[in-house]
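Structure first, commentary second.
The values are calculated or read from the model by the stated rules, or taken from the named source; none is laboratory data. What you see is a predicted model, and the numbers here were worked out from it, not measured in a lab. Positions of Cβ are backbone-derived with ideal geometry, glycine not excepted, and every protein chain shown enters the neighbour counts.
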Amino acid sequence: MSSSEIIEIENFKIFLVKSARAKHILLRQNTRGEIILTCPRFCPKVMAIRFAKNQVAWIRSRVQYAPQERVFHPDEQISVLGKEYILKRGQKMAIQDGALIISGEEAFFHRRVCSCAQKMLLSYLQQHVVMLAQSLGVTPGRITLRNTSSRWGSCSSTHNLSFCWKIAFAPKEVIDYLIAHEVAHLAHMNHGQQFWSVVDTLTEHRVFAEKWLKKNGRLLQSIK
């Protein structure tokens, strides 16, 4: 079990998480740019705060270079499922001549772009999850999209798969790797050698995808 609260250190907002699984005090930044201070469940709060204060220079440097919120606008070029589109406003949602046409009021343009990308992603996931699962002789459960900050995908013990909807804007190789990763969990609910062996039989993009996510994950998470 874990509990969390928000604390401030030199006007920086820090998420203090007390976890039963934590063995040490750890300071990190998640893919949304948030600073997370994790400590053992029975660690005194004052000790965790003292640790973070000693790392304030690191906190300042990370917050300073955190990406600003990404908002989509008409006539902007974006990538959805690895394909480039020019965003246009129109009367009806459509894909035409390399343009992703978004209907509705301009105030809701960004939200509708994200909604359209989610629909495209879910359709792609449903096809490719089933295809890869059949190749392994396993059966997936429900496939859902979530707004997650700590993981790009997950597989439950009941074989339900979920993916962060923002991966719609990642390269297709990255999406395919994340699909392969979660489908492999249908056969192995761990990250052991057999699991990674299965992943590598399902995709050849693991190295590229992991490097891309490490470099660009925070920008991806800046899409709201």
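Only one of these is surrounded by 11 or more Cβ atoms within 10 Å (Cβ to Cβ), within 19 Å of the chain's Cα centre (by Cα) and either modelled with pLDDT of 90 or more or closer than 26 Å to LYS215 by Cα (or both): VAL71, VAL56. Name it.
VAL71
With respect to the numbered conditions (1) surrounded by 14 or more Cβ atoms within 10 Å (Cβ to Cβ); (2) under 26 Å from ASN30 (Cα atoms), which one is the sole condition not fulfilled by ARG146?
It is condition (1) that ARG146 fails.
Across segment 6-22, what is the total count of residues that are part of a loop (DSSP other than H, G, I, E, B) and at pLDDT 90 or above?
Counting residues in segment 6-22 that are part of a loop (DSSP other than H, G, I, E, B) and at pLDDT 90 or above gives 0.
Residues to consider are ALA107, ALA180, ALA170; find the one that is among the small types (Gly, Ala, Ser), under 25 Å from GLN96 (Cα atoms) and touching a residue at least 12 places away in the same chain (Cβ under 8 Å).
ALA170
Restricting attention to segment 128-147, does a residue exist that is assigned to a strand (DSSP E or B) and in contact (Cβ under 8 Å) with a residue 40 or more places away in the chain? Outline the logic, then answer.
Start the filter on segment 128-147 by keeping residues that are assigned to a strand (DSSP E or B), which leaves 143-146.
Now drop any that are not in contact (Cβ under 8 Å) with a residue 40 or more places away in the chain, which leaves none.
No.
Test each condition in (1) of a type outside the set (Val, Ile, Thr); (2) within 21 Å of ALA170 (Cβ to Cβ); (3) assigned to a strand (DSSP E or B) for PHE72 and report the one that comes out false.
Going through the list (1) of a type outside the set (Val, Ile, Thr); (2) within 21 Å of ALA170 (Cβ to Cβ); (3) assigned to a strand (DSSP E or B), PHE72 breaks only (3).
Conditions tested, residue by residue: (1) surrounded by 17 or more Cβ atoms within 10 Å (Cβ to Cβ); (2) aliphatic (A, V, I, L, M); (3) in a helix (DSSP H, G or I).
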position	(1), (2), (3)
HIS110	yes, no, yes
ALA117	yes, yes, yes
ALA168	yes, yes, yes
LEU178	yes, yes, yes
VAL183	yes, yes, yes
ASN190	no, no, no
PHE195	no, no, yes
TRP212	yes, no, yes
